[in-house]
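*Asks:* Please see the structure below; I have some questions.
All of the numbers you see were taken from the coordinates with simple rules; none came from a lab. Only a predicted model underlies this, so the values are computations on that prediction, with no experimental measurement involved. Backbone-built Cβ (ideal geometry, glycine too); neighbour counts: all protein chains shown.
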């Protein structure tokens, strides 16, 4: 077998071991009984509930598409930062996806509501091509 494949398999095994250690940490320390864990649950659910009541239904597709783009962009930035060790989440809602609350709810919903506010008040600068 090629030395590169052997080295790659070794790295994959190390990643599997690291994820298993994070899962063990999550269950050993009963993270789901801490205030911080429930705060992350709040950050996951509360923005979605707020969005449900505040979103402009006439521009639903446009605002949701914008939010999806923010979600994807922030998800990639978060993954990049975590892989380089710049930050991590000691109180994940779901251990295999540590940034779930921020990546899927808090940040995109905040951007969506700001975007909705700007289009309602015509604060977005548009350029006209002549």
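*Asks:* Helix 3-28 versus the longest principal axis of the chain: what is the Cα-based angle in degrees, 0 to 90, to the nearest 10?
*Replies:* 80 degrees
*Asks:* Determine, from the Cβ-Cβ distance of residue 11 and residue 59 and an R0 of 41 Å, the FRET efficiency 1/(1 + (r/R0)^6), rounded to the nearest 0.05.
*Replies:* Once rounded, the FRET efficiency stands at 0.35.
*Asks:* Sticking with this structure for a sec: Any idea what angle helix 35-54 forms with the longest principal axis of the chain, computed on alpha-carbon atoms, 0 to 90 degrees, nearest 10?
*Replies:* So the inclination is approximately 30 degrees.
*Asks:* Say each of residue 88 and residue 76 gets a label point 7 Å from the Cα, pointing the same way as Cα to Cβ; how far apart are those two points in nm?
*Replies:* Simple spin-label model gives 2.5 nm for this pair.
*Asks:* May I ask you to derive the relative contact order of the chain, considering only C-alpha pairs under 8 Å and at least 6 residues apart, and to give it as an integer percent?
*Replies:* 33 percent
*Asks:* Let me know the shape class of the stretch 1-64, please: from the alpha-carbon gyration tensor, a ≥ b ≥ c as square roots of the eigenvalues, rounded when a/c is under 1.5, otherwise prolate if a/b is greater than b/c, or oblate.
*Replies:* Oblate, since a/c reaches 1.5 and b/c is not below a/b.
*Asks:* Can you pull the Kirkwood radius for the stretch 34-120, inverse mean 1/r over Cα pairs, to one decimal in Å?
*Replies:* 13.6 Å
*Asks:* Using a simple spin-label model with points 7 Å from Cα along the Cα→Cβ vector, what separation in nm is obtained for residue 4 and residue 50?
*Replies:* For residue 4 paired with residue 50, the spin-label model returns 4.8 nm.
*Asks:* Still on this structure, please answer the following. Taking 0.36 nm per residue of sequence separation and subtracting the Cα-Cα distance, how much length would be gained by fully extending the chain between residue 69 and residue 32, in nm to one decimal?
*Replies:* Answer, rounded to one decimal: 10.3 nm.
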